[in-house]
Protein chains: 2
Amino acid sequence: MDVNDSMATMIALDAMGGDHGPSVVIPAALSSLNQHDDLKLILVGDSARIEQELKAATADQLRRIEIQHSTQVVAMDEPPAQALRSKKDSSMRVAINMVKDNRADACVSAGNTGALMATARYVLHTLLGIDRPAINSTLPAIKGHTHMLDLGANVDCSADNLFQFAVMGSVLAGVVEDIAEPKVGLLNVGSEAIKGNEVVKSANKLLENSALNYIGFVEGDDIFCGDVDVVVCDGFVGNVALKTTEGVARLISNYGRQAFNQNIFTKIAGFLSLPALKNFKSQIDPRRYNGASLLGLRGIVIKSHGGADAFSFAHAISLAHLEAKKSVPTLIDNQLERFLL
Amino acid sequence: MDVNDSMATMIALDAMGGDHGPSVVIPAALSSLNQHDDLKLILVGDSARIEQELKAATADQLRRIEIQHSTQVVAMDEPPAQALRSKKDSSMRVAINMVKDNRADACVSAGNTGALMATARYVLHTLLGIDRPAINSTLPAIKGHTHMLDLGANVDCSADNLFQFAVMGSVLAGVVEDIAEPKVGLLNVGSEAIKGNEVVKSANKLLENSALNYIGFVEGDDIFCGDVDVVVCDGFVGNVALKTTEGVARLISNYGRQAFNQNIFTKIAGFLSLPALKNFKSQIDPRRYNGASLLGLRGIVIKSHGGADAFSFAHAISLAHLEAKKSVPTLIDNQLERFLL
């Protein structure tokens with residue numbers, strides 16, 4: 001197998017990561033190979049387990065797959081420092097090493113977020129001008145999508161950090177949404193300049209004086225309206241907002257089920273509504289948004305949700321594929337110089 | 001009219017506040033008088049406008065209403081400091097003065113939140129042991145309700161502030177939900193003790209050593225699960241979480257409408273589902289949760305949503321009524337001593 005084909009996109013997958021390991025990663029890998037003709041994959045992990053899951057693979061799929069054996073697995077609750085120190089042959093670490101060694105254009109892991117960020121930062125290093133990497137994810141909006149960062153990597157941020165997040169988010173949203181100058185907003189508790197804490201006020205000034213398409217402060221409800229492409233915030237606020245979103249969605253779907261389960265008439269109405277409800281559910285299906293980008297590194301690292309199923313994990317692979325095709329880290333590197341004051 | 005009837009609960013309403021002023025406040029006042037036999041109201045504002053809206057009132061309602069004329073109105077976008085300095089005869093200020101002077105047991109305003117908080121703090125002062133008042137609101141959960149504070153009064157908080165919020169929230173949740181020892185959680189980005197910023201880590205220690213029924217760190221999705229009664233956070237995070245909730249709810253209802261509007265079959269299904277959808281909507285109806293408590297003051301001040309309708313504003317009056325009946329500020333005062341280290 002020729003892994004060095006210059007037209008191919010090579011992605012390393014942490015086959016052991018996440019709640020389900022190879023039983024989700026391998027089916028996702030196979031379906032991704034069908035979706036992307038130019039995709040090649042390196043499956044990193046216990047080779048016996050991986051080969052077992054590959055029994056259903058076709059000859060064409062197998063031709064585009066390489067297996068890299070590794071002996072360790074990072075546990076989902078393992079402290080990042082411990083994983084970094086004692087799991088040098090983990091499937092996660094080896095997958096990141098592939099990116100470092102230019103054997104892969106990107107890697108994807110559903111493993112422990114803290115360990116993934118710590119390892120990626122240690123192995124790949126940050127881009128010049130980036131103090132801290134950030135986690136970016138896509139959220140559904142009434143019109144299009146919103147990109148939001150940081151979602152939890154940095155609980156305390158300076159105005160400079162937020163400014164760097166804005167540059168990175170702008171590049172990523174431009175690539176993923178295919179727009180020239182993404183609208184960037186800074187998350188705050190009001191839209192007036194006097195609102196907010198000192199950090200957001202300082203970041204607001206940096207952004208106003210930048211070449212970014214900065215639209216000013218936005219509030220929590222603006223995340224979902226579609227009038228802003230990139231929402232910038234510190235990792236504490238971003239993580240709370242993201243998990244709040246999940247909680248509200250779960251609450252509403254719970255109430256919805258209850259409402260259709262009240263009596264025989266509402267049950268019949270619910271049955272007749274199945275096509276509409278199915279369409280509705282697919283629009284808010286979080287699996288369609290799986291795949292968070294660890295931005296600011298000298299390489300592409302995508303974090304899949306730990307509990308992702310194969311459909312969902314395949315979405316994270318597609319994101320890695322797109323970022324690799326567009327060379328997102330190089331684009332960020334180029335834009336940092338343009339956007340820095 | 002005897003406003004000093006010791007069994008009556010007297011509430012002062014800022015009749016001019018909010019987006020709609022007397023046209024919402026007066027109908028809400030009249031329906032509240034029907035709901036609560038022991039309720040008496042002081043309507044504060046332009047007496048001519050108020051009397052005009054009172055034309056529909058019954059003799060019994062009029063018997064329980066007093067009008068207090070005031071000449072000024074705080075604008076919805078007026079800077080709090082300006083309102084405090086130059087609007088000494090505003091309907092908002094005069095309503096708060098009524099509480100200060102023990103002429104009312106509580107006041108309700110749909111006016112400018114910043115001005116209401118600044119004025120209430122200036123006129124009423126904080127309780128001993130409370131550095132800063134906080135805004136508490138009720139949110140729907142899969143089981144019961146969740147109380148959350150601070151929702152925007154304090155963008156920067158110390159661990160001591162968060163601890164005080166926990167005491168106040170615990171007292172309020174106990175009263176409103178009628179439970180003995182409300183479960184208190186501290187909002188963080190993970191449930192492990194190593195997670196979070198320095199402020200939440202310190203607050204966590206204070207809470208662990210307190211007599212509160214503290215359950216530890218909670219995350220954004222826990223707000224809606226019903227396993228925690230009081231969620232404590234700083235005003236920046238709380239405000240973002242609250243507005244994110246509103247944004248997600250709006251997004252989901254938008255998708256829901258689209259799903260039932262696709263074609264004639266989904267429209268028929270939607271029509272047949274009306275009873276179920278109506279029930280569903282009433283469960284997540286934000287009007288049922290209108291009324292935020294400004295806690296930590298030497299008096300009861302309830303903030304209604306600025307855009308509230310009469311149904312919604314009446315809910316805020318009911319909350320003021322309940323807090324007055326239970327003497328929430330006195331309860332907080334008593335608990336502060338018990339819970340402080």
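The values are calculated or read from the model by the stated rules, or taken from the named source; none is laboratory data. Note that the coordinates shown come from a computational prediction; the quantities given were computed from them, not determined experimentally. Ideal geometry is used to build each Cβ from the backbone, glycine not excepted, and the neighbour counts take in all protein chains shown.
Of all residues in region A:120-136, none that is within 20 Å of A:Leu319 (Cα to Cα) and of a type in the set (Asp, Glu) has its Cβ atom under 6 Å from the Cβ atom of a residue that is assigned to a helix (DSSP H, G or I) and modelled with pLDDT of 95 or more, 6 or more apart or on another chain. Criterion applied to A:Ser318, A:Ser293 was being surrounded by fewer than 24 Cβ atoms within 10 Å (Cβ to Cβ) and within 14 Å of the chain's Cα centre (by Cα), and the one residue passing it is A:Ser318. Consider B:Asn279 carefully, then state whether it is facing chain A (nearest Cβ under 7 Å), over 18 Å from the mean Cα position of the chain (by Cα) and surrounded by fewer than 22 Cβ atoms within 10 Å (Cβ to Cβ). Here the answer is yes, as B:Asn279 does meet what is asked.
Matching residues to (1) modelled with pLDDT of 95 or more; (2) more than 25 Å from B:Ala28 (Cα to Cα):
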position: B:Ile50; (1), (2): yes, no
position: B:Ile67; (1), (2): yes, no
position: B:Asn102; (1), (2): yes, no
position: B:Thr113; (1), (2): no, no
position: B:Leu124; (1), (2): yes, yes
position: B:Arg132; (1), (2): no, yes
position: B:Asn136; (1), (2): yes, no
position: B:Leu139; (1), (2): no, no
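Regarding A:Asp160, is this residue over 18 Å from the mean Cα position of the chain (by Cα), surrounded by fewer than 22 Cβ atoms within 10 Å (Cβ to Cβ) and within 30 Å of A:Phe224 (Cα to Cα)? Yes. Of A:Val237, A:Val231, all but one fail to be farther than 20 Å from B:Glu219 by Cα, touching a residue at least 12 places away in the same chain (Cβ under 8 Å) and either in the same structural domain as A:Lys201 (by TED's automatic domain parsing) or assigned to a strand (DSSP E or B) (or both); the exception is A:Val231. Here the condition is being touching a strand residue (DSSP E or B) at 6+ places or on another chain (Cβ under 7 Å) and in the same structural domain as B:Leu242 (by TED's automatic domain parsing); of B:Gly144, B:Gly185, B:Gly111, it holds for B:Gly185 alone.
The helices (runs of 4 or more DSSP H) located wholly in region B:74-135 that include 2 or more residues which are of a type outside the set (Lys, Arg) and under 16 Å from the mean Cα position of the chain (by Cα) occupy B:91-100, B:113-124.
Among the residues making up region A:261-317, those that are without any contact (Cβ under 8 Å) to a residue 24 or more places away in the chain, in contact with a Phe, Trp or Tyr (Cβ under 6 Å, 6 or more places away or on another chain) and not polar (S, T, N, Q) are A:Gly270, A:Ala276, A:Phe280. Screening B:Gly216, B:Gly185 for residues that are closer than 24 Å to A:Ile252 by Cβ and either within 29 Å of the chain's Cα centre (by Cα) or within 8 Å of chain A (Cβ to nearest Cβ) (or both) leaves exactly one candidate, B:Gly185. For region A:241-264, a residue qualifies if it is more than 7 Å from chain B (Cβ to nearest Cβ) and over 30 Å from the mean Cα position of the chain (by Cα), and the qualifying residues are A:Gln258, A:Asn261, A:Asn263, A:Ile264. Acidic (Asp, Glu) and over 24 Å from the mean Cα position of the chain (by Cα): is that true of A:Asp60 in this structure? When the stated conditions are applied, A:Asp60 passes them.
Among the residues of region B:161-180, none qualifies, meaning not one is in contact (Cβ under 8 Å) with a residue 24 or more places away in the chain, under 28 Å from A:Ala153 (Cβ atoms), within 14 Å of another protein chain (Cβ to nearest Cβ) and part of a loop (DSSP other than H, G, I, E, B). In region A:98-106, the condition of being among the charged types (D, E, K, R), buried (at least 24 other Cβ atoms within 10 Å of the Cβ), farther than 30 Å from B:Pro80 by Cα and in contact (Cβ under 8 Å) with a residue 40 or more places away in the chain is met by no residue.
What number of residues in region A:282-328 are basic (Lys, Arg) and at pLDDT 90 or above?
Counting residues in region A:282-328 that are basic (Lys, Arg) and at pLDDT 90 or above gives 4.
A:Ser273 meets the stated requirement of being outside the structural domain of A:Val94 (by TED's automatic domain parsing) and of a type in the set (S, T, N, Q).
Residue-wise test of (1) buried (at least 17 other Cβ atoms within 10 Å of the Cβ); (2) among the aliphatic types (A, V, I, L, M); (3) over 23 Å from B:Phe236 (Cβ atoms).
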residue	(1), (2), (3)
B:Leu62	no, yes, yes
B:Ser70	yes, no, yes
B:Val74	yes, yes, yes
B:Glu78	yes, no, no
B:Arg85	no, no, yes
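Just for region B:197-228: of the residues that are part of a loop (DSSP other than H, G, I, E, B) and among the charged types (D, E, K, R), which one is farthest from B:Gly291 (Cα to Cα)? Among those that are part of a loop (DSSP other than H, G, I, E, B) and among the charged types (D, E, K, R), it is B:Glu219. When B:Asn263 is tested against (1) surrounded by fewer than 23 Cβ atoms within 10 Å (Cβ to Cβ); (2) closer than 29 Å to A:Leu187 by Cβ, just one condition goes unmet, and that condition is (2). Considering the conditions (1) touching a strand residue (DSSP E or B) at 6+ places or on another chain (Cβ under 8 Å); (2) modelled with pLDDT of 95 or more; (3) assigned to a loop (DSSP other than H, G, I, E, B), A:Val3 is excluded by exactly one of them, (2).
Every condition in (1) closer than 29 Å to B:Ser86 by Cα; (2) of a type in the set (A, V, I, L, M); (3) in contact with an Asp or Glu (Cβ under 9 Å, 6 or more places away or on another chain) holds for B:Ala120 except the one numbered (3).
Can you give me the number of residues within region A:174-217 that are charged (D, E, K, R) and either surrounded by 20 or more Cβ atoms within 10 Å (Cβ to Cβ) or in contact with a helix residue (DSSP H, G or I) (Cβ under 9 Å, 6 or more places away or on another chain) (or both)?
Within region A:174-217, residues that are charged (D, E, K, R) and either surrounded by 20 or more Cβ atoms within 10 Å (Cβ to Cβ) or in contact with a helix residue (DSSP H, G or I) (Cβ under 9 Å, 6 or more places away or on another chain) (or both) number 6.
Given the residues B:Ala81, B:Ala12, B:Ala56, which is the only one that is in contact with a strand residue (DSSP E or B) (Cβ under 6 Å, 6 or more places away or on another chain) and either under 29 Å from B:Arg288 (Cβ atoms) or assigned by TED's automatic domain parsing to the domain that holds B:Arg121 (or both)?
Answer to the check: B:Ala12.
Report, ordered by the first and then the second residue, all pairs with beta carbons closer than 9 Å, sequence separation of six or more or different chains, a first member in region B:208-228 that is polar (S, T, N, Q), and a second member that is part of a loop (DSSP other than H, G, I, E, B). Cβ pairs passing all conditions: B:Asn209/B:Leu341; B:Ser210/B:Leu340; B:Ser210/B:Leu341; B:Asn213/B:Ala180; B:Asn213/B:Glu181; B:Asn213/B:Pro182; B:Asn213/B:Lys183; B:Asn213/B:Asp229.
Kindly evaluate A:Asp37 against the criterion of being farther than 22 Å from A:Gly307 by Cβ and out of contact with any Cys (no Cβ under 7 Å at 6 or more places or on another chain). Talk me through it step by step, then tell me what you get.
Numbers: farther than 22 Å from A:Gly307 by Cβ: yes; out of contact with any Cys (no Cβ under 7 Å at 6 or more places or on another chain): yes.
Criteria met by A:Asp37.
If you check B:Asp131, B:Asp156 for being of a type in the set (D, E, K, R), touching a Phe, Trp or Tyr at 6+ places or on another chain (Cβ under 9 Å) and within 20 Å of B:Leu116 (Cα to Cα), only one passes: B:Asp156.
Close Cβ contacts (under 8 Å, 6 or more residues apart or on different chains) running from residues in region A:20-45 that are over 15 Å from A:Arg64 (Cβ atoms) to residues that are aromatic (Phe, Trp, Tyr) and part of a helix (DSSP H, G or I) comprise A:Val24/A:Phe313; A:Val25/A:Phe313.
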